[in-house]
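The values are calculated or read from the model by the stated rules, or taken from the named source; none is laboratory data. Computed from a prediction, not measured in an experiment: that's the story for all the values here. Glycine gets a Cβ as well: all are built from the backbone with ideal geometry, and neighbour counts include every protein chain shown. Protein only, heavy atoms only, side chains kept; ligands, DNA and RNA dropped before computing areas. Shrake-Rupley method; radii C 1.70, N 1.55, O 1.52, S 1.80 Å.
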Amino acid sequence: QVQLVESGGGSVQAGGSLRLSCAASGIIFSIYKMGWYRQAPGKQRELVAGITSGGTTNYADSVKGRFTISRDNAKKMVYLQMNSVKFEDTAVYYCNARHPSTDWGTGFGSWGQGTQVTVSS
């Protein structure tokens, strides 16, 4: 049974930093694609950042240069370092694990329960 547990969300002022963590279990972590998605009120869930088993990363244009995704296969953890946060980064952030053969669409994989990130301007 796949389990993804996010942590690290909270409130932060615009321009500040936050680090999200996701602990995974129940999967062969080292081969899975891992991603961070977010959903703001009234908006669709979107990919923020993804990382393949080989370390190839993929970022939404809105976060390029500000956010960094990383993974630790030994610890079965994936992280999202959020720097220079903006008000529009406010959302619930979800961790996602998916089979390496799937693309980054929101209809695939397993999801964590989400962690709220609130940026005050």
Problem - Hits in region 55-90 - residues which are under 15 Å from the mean Cα position of the chain (by Cα) and of a type in the set (D, E, K, R) - result: D61, K64, R66, R71, D72, K76, D89
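Across region 73-85, which residue is surrounded by the most Cβ atoms within 10 Å (Cβ to Cβ) among those that are part of a strand (DSSP E or B) and either touching a Gly at 6+ places or on another chain (Cβ under 7 Å) or hydrophobic (A, V, I, L, M, F, W, C) (or both)? Give the derivation first.
Kept after step one, since they are part of a strand (DSSP E or B), are these residues of region 73-85: 77-82.
Okay, now just the ones that are also either touching a Gly at 6+ places or on another chain (Cβ under 7 Å) or hydrophobic (A, V, I, L, M, F, W, C) (or both), so 77-78, 80, 82.
Details: M77: 16, V78: 29, L80: 27, M82: 26.
Residue satisfying both the conditions and the ranking: V78.
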Practice task
Please give the number of the condition E88 fails out of (1) open to solvent by less than 40 Å² (accessible area, probe 1.4 Å); (2) modelled with pLDDT of 95 or more.
Solution key: (1)
Handout entry: region 61-72 residues that are loosely packed, with under 12 Cβ neighbours inside 10 Å, paired with ones that are among the β-branched types (V, I, T) (beta carbon under 9 Å, 6 or more apart)
Key = D72/V78
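Looking for something more than 14 Å from the chain's Cα centre (by Cα), farther than 19 Å from V12 by Cα, of a type in the set (G, A, S) and open to solvent by 60 Å² or more (accessible area, probe 1.4 Å) - is there at least one such residue anywhere in region 91-111? Outline the logic, then answer.
Taking region 91-111 as the starting set, the residues that turn out to be more than 14 Å from the chain's Cα centre (by Cα) are 99-103, 107-108.
If we keep only those that are farther than 19 Å from V12 by Cα as well, we get 99-103, 107-108.
Still in the running and of a type in the set (G, A, S): 101, 107.
When the remaining residues are screened for being open to solvent by 60 Å² or more (accessible area, probe 1.4 Å), the result is 101, 107.
Yes - at least one qualifying residue is present in region 91-111.
Can S53 be described as of a type in the set (S, T, N, Q) and either open to solvent by 60 Å² or more (accessible area, probe 1.4 Å) or in contact (Cβ under 8 Å) with a residue 40 or more places away in the chain (or both)? It would help to see each step written out before you state the result.
Values: of a type in the set (S, T, N, Q): yes; either open to solvent by 60 Å² or more (accessible area, probe 1.4 Å) or in contact (Cβ under 8 Å) with a residue 40 or more places away in the chain (or both): yes.
So S53 passes the test.
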